[in-house]
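The values are calculated or read from the model by the stated rules, or taken from the named source; none is laboratory data. Keep in mind it's a predicted model, so treat the numbers as computed, not measured. Cβ atoms come from the backbone with ideal geometry, glycine included; neighbour counts cover every protein chain shown. With ligands, DNA and RNA removed, areas are computed over all heavy atoms of the protein, side chains included. Shrake-Rupley method; radii C 1.70, N 1.55, O 1.52, S 1.80 Å.
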Amino acid sequence: MLAGLEQAAHLHSLAERIHHAADDLPAPQPTHSLASISEDVEDQVRVIAGVFASLAHEAAVHGRAAKQHLGAADALAHRKVALMTRAADPLGWALAKLGEAVAQIGRLQEISAGPRTPERAQAIDTARAALDDRLFSAHRHLTDAAGNLHRDADLLVAAASGARRGPTAPPAHRNRTPAARPVSTRLPPTASRTLR
């Protein structure tokens, strides 16, 4: 039972790291400078890549241990790794969307260096809308990954205790239904800076 609770706590901790990364992504607000957005994206790419690497490391370590100690495999440990590595898919999609966001940042930097023309202004608006869309998508994938980890941690606790237990809901501010995307991708400032 204790091992199951420790493993569930590990999943909850991982989910919180991912939630924080989502919350720290730059919100699509016109008041945010491109330089500020670039730095925020760089920081969160580093964080998310680190979480992704830790998932791959955990799977590799577990695989080596299972191979070296045949017949002594812990079913609970197998379950924990299986649940934890399921987060790799949405994390990978989040990283892909952030890669596209970096490409849009480069495009914006290139366009902004050109002469001031109506075409330049239109191109900036188009590229900025594309950047905002990529950040919104990355945020969605991250919150999906974190929410799934929270639910999976509860499943792990239930498996360890042999009892049926309903999943714990994520904190209220992370459990809201995402708002419909407005025609303009510029959203009003919010306290949590989340992309909803």
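Brief remarks on what is shown
- When segment 76-89 is limited to residues that are open to solvent by 20 Å² or more (accessible area, probe 1.4 Å) and modelled with pLDDT of 85 or more, the one that is farthest from Leu156 (Cα to Cα) turns out to be Asp89.
- Subset of segment 117-139 that is crowded, with 20+ Cβ neighbours inside 10 Å and either not in a helix (DSSP H, G or I) or not hydrophobic (A, V, I, L, M, F, W, C) (or both) - its residue that is nearest to the chain's Cα centre (by Cα): His139
- Qualifying residue in segment 93-110 (condition: buried (at least 18 other Cβ atoms within 10 Å of the Cβ), at pLDDT 90 or above and of a type in the set (Phe, Trp, Tyr)): no
- Among the residues examined, His78 qualifies as touching a His at 6+ places or on another chain (Cβ under 8 Å) and touching a residue at least 12 places away in the same chain (Cβ under 8 Å).
- Leu91 being part of a helix (DSSP H, G or I) and more than 14 Å from Val41 (Cβ to Cβ): yes
- Being surrounded by fewer than 20 Cβ atoms within 10 Å (Cβ to Cβ) and over 24 Å from the mean Cα position of the chain (by Cα) is a property that does not hold for Asp144.
- Scanning segment 72-116 for residues that are within 18 Å of the chain's Cα centre (by Cα) and among the charged types (D, E, K, R) yields Arg86, Asp89, Lys97, Glu100.
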